[in-house]
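Take a look at the structure set out below.
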Amino acid sequence: MINTALKNIRRSPYQALAAVSMTGLTVFIVSLFALVSLASHLVLRSFETKPQVIAYLKDDHTVDSVNGLIKEVTDTGLVKNAIYVSKQEALEIYKRSVGNDPLLLGTVTDLGVITADVLPASLEVTAKSPDDFPTIVSILERSSIISSTPKGKKEIDFPQDILTELTAWTRAIRTAGLLLIAILCFNSIITIMIVVSMKIASRRYEIGTMKLMGAKGWFIIRPYLVESVLYGAVGGVFGWLASYIAILYSTPFLAPRLIGIIALPVGFTLMLALLAALVLLFSLLGLFSGLLAAVRFIKR
């Protein structure tokens, strides 16, 4: 059965190449889409787990007033956690962010060394969802211990626009990717069906003779089903290989920009799991395509 399938492939290599190429292109897009979807999900999770609302406190705030504000915010049920950052902790965060730059540390300016007194204490709140920002911010704005600008506006930072935009882009990528994958999978099915149909049609007299001699339909179509599965499996391997090479070449560009969010290069274990899933999925797709083509012609 396998030898017959390989013989059929050797007899018409260009048709086989067309089927494998179409399947390989589909697998390439599917694997990239899967990795991009995973990456966008991790980026979104990274933003959502960081402090999303930062409210700066007045210098005359007390520990009791801060604890009361934290309790009021957490009682809403919309908050993952709320952390008080003191002036000294703010100074340590500032030093870590600027590194050893003497200009930013104030050691080479007339303003003197940056100390904890010049930095405000703050309350960092992590919301469960970007949709909860308005409620949390409204509670903070009513508090008397939150500092205000000279124009009377409360000093509260929250990246609502960034997270909303990032969420919208993630959904758009998933929708567009799924639509493109559906179109390419349909094209792969049609391509394999056409190739298998042409091969069966070219041997219709031989198949007719086999049926007259008592051969069952399943015995006749088995080599064509194996051939269809081979198209899907080989296309899956080539498509996965192309996507892996593309990821390896893009890693030097992406790694510095995604540091701390996504570990690059992608682990080989993850890629092997993706390979196994893609080969299995597209082998079944090839089997389905071969069945559609073979059963229709055998019935004739």
Spin-label pair Thr149/Ala18, simplified geometry with 7 Å Cα→Cβ offset, distance in nm: 6.5
Around Ile145: net Lys/Arg minus Asp/Glu count, Cβ-Cβ under 12 Å: -3
FRET efficiency estimate (nearest 0.05) - Cβ-Cβ, Ala201 to Ala273, R0 35 angstrom: 0.35
For His41, His61, order by how many other beta-carbon atoms lie within 10 Å, fewest first: His41, His61
Dimensionless Rg/Rh of segment 136-200 - Kirkwood Rh, Rg from C-alpha atoms: 1.57
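Read-outs throughout are calculated quantities, based only on the coordinates presented, and are distinct from any laboratory measurement. All of these numbers come straight from a predicted model, not from anything done at the bench. Note that each Cβ is placed from the backbone with ideal geometry, even for glycine, and that neighbours are counted across all protein chains shown.
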